[in-house]
Amino acid sequence: MLSDTPAPASAARPLTAPAARGASAVAHPNIALIKYWGKRDEQLMLPVTDSLSMTLDVFPTTTHVRLDQDAAEDRAALNGEEATGETLRRITAFLDLVRARAGSSVRAVVDTRNTVPTGAGLASSASGFAALATAAAAAYGLRLDAAGLSRLARRGSGSASRSVFSSFALWHAGTGTGEEGDTSSYAEPVPAADSLDAALVIAVVNAGEKAVSSREAMRRTVQTSPLYGPWAASSRDDLADMRSALVRGDLKAVGEIAERNALGMHATMLAARPAVRYLSPATVTVLDRVLKLRQDGVLAYATMDAGPNVKVLCRRADAADVADAVRDAAGTVVTARPGPGARLLAEGV
Ligand SMILES: Nc1ncnc2c1ncn2[C@@H]1O[C@H](COP(=O)(O)OP(=O)(O)OP(=O)(O)O)[C@@H](O)[C@H]1O
Ligand SMILES: C[C@@](O)(CCOP(=O)(O)OP(=O)(O)O)CC(=O)O
């Protein structure tokens, strides 16, 4: 089982354990309050900026990895359907990394189930690769502390590095290149005052799969958007302000910083060539409702990822009112609270 506290490194302990026949794990999506948008190394999955998120207590992904000594290729099913194309390629590339570290050539059968809509800007790749990293590491007998698991999950999807941890997590961009970059880029828990008592009201305006993946959109933004550099620079200040607002339990400041950071990220992609636009008319309707809530004295702030869906940060005590205010603009409204980190469910099965 994983805890938020990294296990102490033990020189005497071997790096690998005997491979289990299989393992299953669960992980939850996380929503960034300071966004990750842009890589400085695509192969090692090193980001340009630090990011900070809240892991949710809703929408778990459950993943089972079974080693198959007789198989010539990896196979995977996502939500009961055989994975193909880019999804299978990402899973296989990830398993290749795990195998290389474990010194194994055995293929695997992966069964993964999301309860969050897949590829809709609701962090399915975060819960998906955090669960896969946890299950695959156990199945192949890799012994990893929490930071090591976060580094591994990062290689599947950057945002997955943060879903290893409960509640609020900071993913360090890291420094340098090669091994130094790889080692220095991982997530860890960050403190937040209990008095913050935050909730995220998730307005699902469209659960459909996006046309442009986060990976492609951020690549295009870094390469072509004149606004990218200024946003990345301001994001560094946002992060410092966010950390101190969390510790103070200052929900107003947390919300203001999160909202400006997210709107800035969307501005960078609107200025990309060609532009990437995830926000839809329904998104804007929800943003108007959030503004109205604030005018009425409710602390409510919006953040959006690579999709049209809006997550409204508010106090837990106000969550029901916030949900009521956005319900008619969204198909589904789900209220989330800070949730658990990734964890192993079973080993050897
Ligand atoms: N459970 C899973 N296991 C493995 N891969 C997954 C899983 N869920 C999603 N993915 C992969 O992640 C892709 C979606 O990633 P993408 O980052 O574009 O969207 P998202 O994570 O839903 O949204 P966002 O990045 O904005 O939060 C899917 O098309 C699929 O390839
Ligand atoms: C907008 C975001 O949700 C982008 C997440 O991007 P991904 O982590 O899905 O991208 P890859 O690393 O290429 O897999 C912001 C965030 O979660 O910080």
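The values are calculated or read from the model by the stated rules, or taken from the named source; none is laboratory data. Note that the coordinates shown come from a computational prediction; the quantities given were computed from them, not determined experimentally. Here the Cβ positions follow ideal geometry from the backbone for every residue, glycine too, while neighbour counts run over all protein chains shown.
For every residue, the table says whether it meets (1) modelled with pLDDT of 95 or more; (2) more than 14 Å from ligand 1 (Cβ to nearest atom).
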{"residue": "Ala19", "(1), (2)": "no, yes"}
{"residue": "Ala23", "(1), (2)": "yes, yes"}
{"residue": "Pro29", "(1), (2)": "yes, no"}
{"residue": "Pro47", "(1), (2)": "yes, no"}
{"residue": "Ser51", "(1), (2)": "yes, no"}
{"residue": "Leu56", "(1), (2)": "yes, no"}
{"residue": "Pro60", "(1), (2)": "yes, no"}
{"residue": "Asp68", "(1), (2)": "yes, yes"}
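Residue-level check: of (1) more than 16 Å from Asp50 (Cα to Cα); (2) assigned by TED's automatic domain parsing to the domain that holds Leu33, Ala207 misses just (2). From the list Asp241, Asp324, the lone residue that is in contact with a helix residue (DSSP H, G or I) (Cβ under 7 Å, 6 or more places away or on another chain) and free of Cβ contacts under 8 Å to residues at least 24 places away in the same chain is Asp241. Looking only at the range 193-248, filter to residues that are hydroxyl-bearing (Ser, Thr, Tyr) and away from ligand 1 (no atom under 16 Å from the Cβ); which one of those is farthest from Ala319 (Cα to Cα)? Ranking the qualifying residues of the range 193-248, first place goes to Thr224. Restricting Ala217, Ala187 to those that are over 15 Å from Asp305 (Cβ atoms) and either crowded, with 18+ Cβ neighbours inside 10 Å or at pLDDT 95 or above (or both) reduces the list to Ala187.
The set of residues in the range 154-174 that are among the aliphatic types (A, V, I, L, M) and surrounded by fewer than 24 Cβ atoms within 10 Å (Cβ to Cβ) comprises Leu170, Ala173. Just one residue in the set Ala138, Ala147, Ala153 is more than 10 Å from ligand 1 (Cβ to nearest atom), in a helix (DSSP H, G or I) and either in contact with an Asp or Glu (Cβ under 6 Å, 6 or more places away or on another chain) or not assigned by TED's automatic domain parsing to the domain that holds Ala23 (or both); that residue is Ala138. Here Ser184 qualifies as without any contact (Cβ under 8 Å) to a residue 24 or more places away in the chain, closer than 20 Å to Ser163 by Cβ and of a type outside the set (Lys, Arg).
Here is a yes/no grid of residues against (1) under 19 Å from the mean Cα position of the chain (by Cα); (2) within 15 Å of ligand 2 (Cβ to nearest atom); (3) among the hydrophobic types (A, V, I, L, M, F, W, C); (4) within 30 Å of Pro191 (Cα to Cα):
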| site | (1), (2), (3), (4) |
| --- | --- |
| Asp41 | yes, yes, no, yes |
| Met54 | yes, yes, yes, yes |
| Asp57 | yes, no, no, yes |
| Pro60 | yes, no, no, yes |
| Gly80 | no, no, no, no |
| Ile91 | yes, yes, yes, no |
| Arg101 | no, no, no, no |
| Arg107 | no, no, no, no |
| Asp111 | no, no, no, no |
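Criterion applied to Gly148, Gly128 was being within 13 Å of ligand 2 (Cβ to nearest atom) and crowded, with 18+ Cβ neighbours inside 10 Å, and the one residue passing it is Gly128.
The condition (being assigned to a loop (DSSP other than H, G, I, E, B) and within 16 Å of ligand 2 (Cβ to nearest atom)) is satisfied by just one residue among Glu209, Glu188: Glu209.
From the list Val290, Val326, Val254, Val322, the lone residue that is closer than 16 Å to Asn206 by Cα and surrounded by 22 or more Cβ atoms within 10 Å (Cβ to Cβ) is Val326. Determine if the range 143-162 includes at least one residue that is closer than 19 Å to Arg99 by Cβ, touching a residue at least 24 places away in the same chain (Cβ under 8 Å) and in contact with a strand residue (DSSP E or B) (Cβ under 7 Å, 6 or more places away or on another chain). Yes - at least one qualifying residue is present in the range 143-162.
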